[in-house]
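For reference, the structure is listed below as structure tokens.
Nothing in this text is a laboratory measurement; each read-out follows from the coordinates by a stated rule. Here the structure is a predicted model, which is why all the values come from computation and not from measurement. Every residue, glycine as well, gets a Cβ built from its backbone with ideal geometry; the counts of neighbours run over all protein chains shown.
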Amino acid sequence: MINFDFFTPTKILFGAGRESEVGKQVAAFGGHKVMIIYGKKGGHIETSGLLDRVHKSLSDAGLSYVDLNGVVPNPRLSLVKEGIRIGRAEGVDFLLPIGGGSVIDTAKGIGYGIANDFEMEDLLYGRVKTDKNTLATVSFNYTTADPRSTSSDPIYQGLTTVKQNTTIGGLLYGLGDNRRALGVLANVTVEGKTSETGYYEMGDKLELVRKEDTKTTDFIRSKFAIPQQVVSIEEGSVLIVDDLNRRWRLPLGDETYKELTNQGVLRVCREVATERDMFSCMGTFYELPAENADGYAKIRPISTHNYRINDYASYRGMLVLTGVTPEDTKGNPHIIVSDDGKAAVWVGVIDDLWTLGKPVGHGGPWKNTNVKAGIASDPYLIGFYDKKELSLSHQSDKKVVITVEVDPTGNGDWMEYAAYTVQPGERFVQQLPEAFQARWIRFVSDTDTKATAWLDYK
């Protein structure tokens with residue numbers, strides 16, 4: 001046994017105006033030359049005056065500093081290397097990131113680079129070589145079995161299930177103009193019929209208080225209404241066509257979600273934290289990268305549930321959901337109900353979504369679909385699901401060879417995985433091994449036919 005000590009203290013300073021203490025805190029940690037790392041030049045950090053206040057605090061503490069801006073969502077290695085160059089040239093001994101996860105990740109990379117003499121590529125990437133000239137593809141996938149249950153954690157007790165027709169919902173909006181409250185335009189659904197019940201605000205005391213504010217009510221109603229028909233829910237899958245006109249297919253869930261989604265009852269996509277979007281469809285929450293990080297091509301399922309979640313948003317670092325049945329809460333501290341009982345929300349944190357249940361689903365790119373020989377199906381999401389079962393069938397009177405192709409990375413690097421001969425009238429079933437990992441899967445028939453390619457994720 002190797003003995004060791006592990007000490008990771010964390011100090012949190014929270015509240016209005018605490019940025020004025022930055023200089024004092026940096027000095028206490030022994031910093032002398034500070035690199036301030038943040039996002040877009042001319043962005044909110046500058047226009048709000050926050051950067052100026054940080055500059056003043058550092059100067060008042062007798063510390064010098066250098067600014068590094070330009071961090072984007074899913075940060076670029078090029079900016080990290082530029083920060084390393086500047087940091088070494090300027091003698092930086094303290095890094096001060098201002099912003100979200102991408103800014104913090106950039107600072108981590110710069111810190112590694114300043115402290116070490118290796119190239120960042122050597123830290124981030126693996127390399128391979130061959131002993132002869134050839135055309136080759138190398139792909140690495142790192143995964144472990146998902147130990148989670150398909151059942152949701154008890155913290156969600158009180159959320160309305162998808163089969164229930166009565167629920168308290170509402171539209172959510174984090175109020176601007178330094179109001180520091182969450183606006184809730186509450187509604188109630190009784191036997192499938194929805195009506196507004198009033199406008200409420202939730203502040204730092206986490207209480208829902210009814211307000212008479214026609215201007216904000218109208219704003220939320222018009223600007224944050226949930227759109228209808230935002231995705232195409234077909235017989236075999238959910239079809240997404242992105243801004244680059246690329247087609248992607250996602251698994252189905254409980255059939256009840258289809259009508260609710262088409263009617264605009266359930267929020268599909270929303271930013272839940274700075275630079276962090278969530279996508280919710282057919283009972284599954286996904287992480288959705290920004291467009292400059294390839295968007296839907298890199299979508300990732302994180303949990304599957306059976307709840308009728310009307311809307312979701314972030315507030316003060318918390319995650320807020322609507323779609324509550326108050327009489328089912330049974331003292332759940334995550335459920336907040338207004339005094340008049342006409343508004344209710346669930347409150348937790350974003351990482352709680354991983355306790356909703358492991359991702360499951362079913363579907364495929366073909367379901368009794370007329371397919372042409374040699375024409376690949378749309379990509380269908382297979383990455384990050386646990387137990388996977390594939391079934392293939394067709395309606396031809398002769399055997400059909402169906403080739404399975406996979407894209408391990410989401411970069412469009414398709415490669416053949418297997419070719420299966422499917423006899424007339426046969427339902428070919430294949431349990432995909434645990435070692436099988438890819439992000440997307442598609443199918444190609446060698447014959448014009450009507451075929452089904454179906455996957456069950458359990």
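Could you work out [θ]222 nm for the chain from helices alone, using -39500 (n - 2.57) per DSSP H run of at least four and dividing by all its residues? Round to the nearest 500 deg cm²/dmol.
Helix contribution divided over all residues of the chain: -4500 deg cm²/dmol.
What residues have an amide H closer than 5 Å to that of Trp366, excluding those fewer than 5 places away on the same chain, when H is modeled at 1.01 Å from N in the peptide plane?
Ala453
Taking amide H atoms as placed 1.01 Å from N in the peptide plane, list the residues 5 or more away in sequence, or in a different chain, whose amide H sits under 5 Å from that of Gly70.
Tyr38, Gly39, Lys40, Lys41
List the lysines whose Cα sits under 28 Å from the Cα of Lys258, skipping any in the same chain fewer than 8 residues away.
Within the straight-line limit of under 28 Å, Lys258 reaches these lysines: Lys163, Lys193, Lys223, Lys298, Lys342, Lys358, Lys367, Lys387, Lys388, Lys450, Lys458.
Note down the magnitude of the dipole of the chain about its Cα centre, charges +1 on Lys and Arg C-beta and -1 on Asp and Glu C-beta and zero elsewhere, to the nearest 20 debye.
Numbers: 52 positive and 60 negative charges, 33 e Å.
With Lys and Arg at +1 and Asp and Glu at -1, about 160 debye.
From the residues Val371, Ala418, Ile441, which one has its Cα farthest along the dipole of segment 361-457 in the positive direction, the dipole being from +1 and -1 charges on Cβ of Lys/Arg and Asp/Glu about the Cα centre?
After comparing all options, I get Val371.
Considering only the other residues whose Cβ falls under 15 Å of the Cβ of Thr194, what net charge follows from Lys and Arg at +1 and Asp and Glu at -1?
Values: positive: Lys193, Arg221, Arg267, Arg308, Lys342; negative: Glu191, Glu196, Glu259, Asp311.
Its environment carries a net charge of +1.
Would you work out the relative contact order for segment 361-457, in percent, from Cα pairs under 8 angstrom that are 6 or more residues apart? Write down the numbers at each step before the final one.
Values: 242 pairs, mean separation 48.8, N = 97.
Once divided by the residue count of segment 361-457, the mean separation gives 50 percent.
Report the Cα centroid-to-centroid distance between segment 289-314 and segment 411-458 in angstrom, as an integer.
Here the answer is 25 Å between Cα centres.
Compute for segment 155-282: radius of gyration divided by Kirkwood radius, i.e. Rg/Rh, restricted to C-alpha atoms, rounded to two decimals.
Radius of gyration over Kirkwood radius for segment 155-282 works out to 0.99.
Got the relative contact order for segment 179-292 handy, in percent, Cα pairs under 8 Å and 6 or more residues apart? Please list the in-between numbers first.
Numbers: 152 pairs, mean separation 15.8, N = 114.
Computed over segment 179-292, the figure is 14 percent.
In whole percent, what relative contact order does the chain give with Cα contacts below 8 Å and a gap of six or more residues? Please report the intermediate quantities before stating the final value.
Working: 947 pairs, mean separation 60.2, N = 458.
Relative contact order comes out at 13 percent.
Taking square-rooted eigenvalues a ≥ b ≥ c of the alpha carbon gyration tensor, is segment 18-124 rounded, prolate or oblate, where a/c under 1.5 means rounded and, failing that, a/b exceeding b/c means prolate?
Numbers: a/c = 2.23, a/b = 1.32, b/c = 1.69.
Note, shape of segment 18-124 comes out oblate.
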